[in-house]
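Contents: one structure, followed by commentary.
The values are calculated or read from the model by the stated rules, or taken from the named source; none is laboratory data. Being a predicted model, the structure only gives us computed values, none of them experimental. Methodologically, a virtual Cβ is constructed for each residue, glycine included, from the backbone with ideal geometry; neighbour enumeration extends over all protein chains shown.
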Amino acid sequence: MATYKIAVLPGDGIGQEVTPQAQRILQVVGRAAGIGFEFEPALVGGAAIDATGRPLPPASLSLCQAAHAILFGSVGGPKWDNLPQEQRPERGLLAIRKELDLFANLRPATCFPMLVDASPLKRSVVEGTDLMVIRELTGGLYFGEPRGREDFADGGARKRRKRLASVDKANVLVVSQLWREVVTRVGKDYPQVALEHVLVDNCAMALVHKPTHFDTIVTENTFGDILSDEAAILAGSMGMLPSASLGGTGGKKGLYEPVHGTAPDIAGQGVANPIAAILSAAMLLRYSLDRGPDADRVDAAVLRVLEQGHRTRDIHSAGTKLVGTVEMGDLIVSEVEKSY
Ligand code: NAD
């Protein structure tokens, strides 16, 4: 039986509430599908500062380096806001990305059919949205030179509908012209992928005007930061958005975390939506472990629980059943179990 070491870093605030629910999902999948998981907890962020004086203690970094994948919560909060930049909780996350060379950030933004009305955009605009923003994470606009090219043995993240929009500002920025040349060259090696080049300002408009046009968007760090936050609106709530940061040899090492922060306004109340963390665990199965069919079961279980009308407070509306963090976790765990 394949056994994987998973570093579990819940961090602060609601990170400590939603990450255990994501871990439970992996445990259930492990039992049902015969995957061995060794979960090892570690401190990061404000919790690590309080315990050790550092946002990423050496023991946490060593664990992340030794693990197959990292299940991450979120870091930060008002308690640590007055520390100097270099000592703040967020530095813990940045240090992991840097030390592990996690160079690609994947953020899916899906508008689930039953949550269409939770989006501030019109139903006719968001319905059917299912896109992924792939953002280059460790370099960016100001670095200019590509560091090299690496082809993943299995085609890396080519797990979608094979329509790729490369976003740049090639009409104005010289570094963007270079980006466009590189993407065009790489694109020629993948004739099965339909590649288009989109200027970042047009992309920003199209995302709120016609999001269903997009399948996969690839862009550099700064543009990706802004566009992926814009895409977040399409899903209706921060509590629904997972992410993966991939890197290392072959791009298999990954850090999986919900897009949201520590939500100090609701932390400790048991009301946070664990779905973003749970969908991040599904991404871990898909991208670090190559267990696509198991990831599909988790995604489907989330959909079924939503179809049954269960909602945490952030996505609750009249006529649906209000549940807390653990109860939402229970419901999804039970649906995953039933699917095997
Ligand atoms: P946030 O994402 O924590 O919260 C924004 C709003 O969304 C809040 O009203 C919150 O209650 C709600 N929300 C977020 N996640 C939710 C969930 N799962 N269920 C229900 N509601 C949810 O963003 P913020 O308030 O700007 O930041 C709070 C702290 O988190 C700050 O210290 C910030 O630096 C940190 N942060 C950390 C990360 C990270 O660790 N990757 C990312 C973003 C923000």
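Tabulated data for the structure shown
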| read-out | value |
| --- | --- |
| Conditions (1) within 14 Å of the ligand (Cβ to nearest atom); (2) farther than 27 Å from residue 120 by Cβ; (3) assigned to a loop (DSSP other than H, G, I, E, B); number of the one not met by residue 290 | (1) |
| Of all residues in region 1-50 being within 16 Å of the ligand (Cβ to nearest atom) and assigned to a loop (DSSP other than H, G, I, E, B), the one that is surrounded by the fewest Cβ atoms within 10 Å (Cβ to Cβ) | 42 |
| Test result for residue 330, without any contact (Cβ under 8 Å) to a residue 12 or more places away in the chain and part of a helix (DSSP H, G or I) | yes |
| Of residues in region 245-262 being surrounded by fewer than 24 Cβ atoms within 10 Å (Cβ to Cβ) and of a type in the set (Gly, Ala, Ser), the one modelled with the highest pLDDT | 261 |
| Counted residues, region 66-107 - those being at pLDDT 95 or above, away from the ligand (no atom under 15 Å from the Cβ) and out of contact with any Lys or Arg (no Cβ under 8 Å at 6 or more places or on another chain) | 0 |
| Qualifying residues in region 108-131 (those that are among the hydrophobic types (A, V, I, L, M, F, W, C) and surrounded by fewer than 21 Cβ atoms within 10 Å (Cβ to Cβ)) - the one modelled with the lowest pLDDT | 118 |
| Unmet requirement for residue 283, which otherwise passes all of (1) closer than 21 Å to residue 3 by Cα; (2) within 14 Å of the ligand (Cβ to nearest atom) | (2) |
| Residue match in region 312-320 (condition: more than 20 Å from residue 244 (Cα to Cα) and touching a Pro at 6+ places or on another chain (Cβ under 8 Å)) | yes |
| Some residue of region 273-282 being at pLDDT 95 or above and not in a helix (DSSP H, G or I) | yes |
| Residues of region 303-319 satisfying the condition of being touching a residue at least 60 places away in the same chain (Cβ under 8 Å) and aliphatic (A, V, I, L, M) | 303, 306, 315 |
| Only listed residue being surrounded by 15 or more Cβ atoms within 10 Å (Cβ to Cβ), assigned to a helix (DSSP H, G or I), of a type in the set (Gly, Ala, Ser) and more than 22 Å from the chain's Cα centre (by Cα), chosen from 224, 239, 187 | 187 |
| Yes/no for residue 56 being buried (at least 23 other Cβ atoms within 10 Å of the Cβ) and more than 12 Å from the ligand (Cβ to nearest atom) | yes |
| Looking only at region 249-275, and only at residues there that are farther than 17 Å from residue 135 by Cβ and among the small types (Gly, Ala, Ser), the one that is farthest from the ligand (Cβ to nearest atom) | 250 |
| Selected residue (criterion: surrounded by the most Cβ atoms within 10 Å (Cβ to Cβ)) from residues of region 302-339 that are closer than 18 Å to residue 22 by Cβ and hydroxyl-bearing (Ser, Thr, Tyr) | 325 |
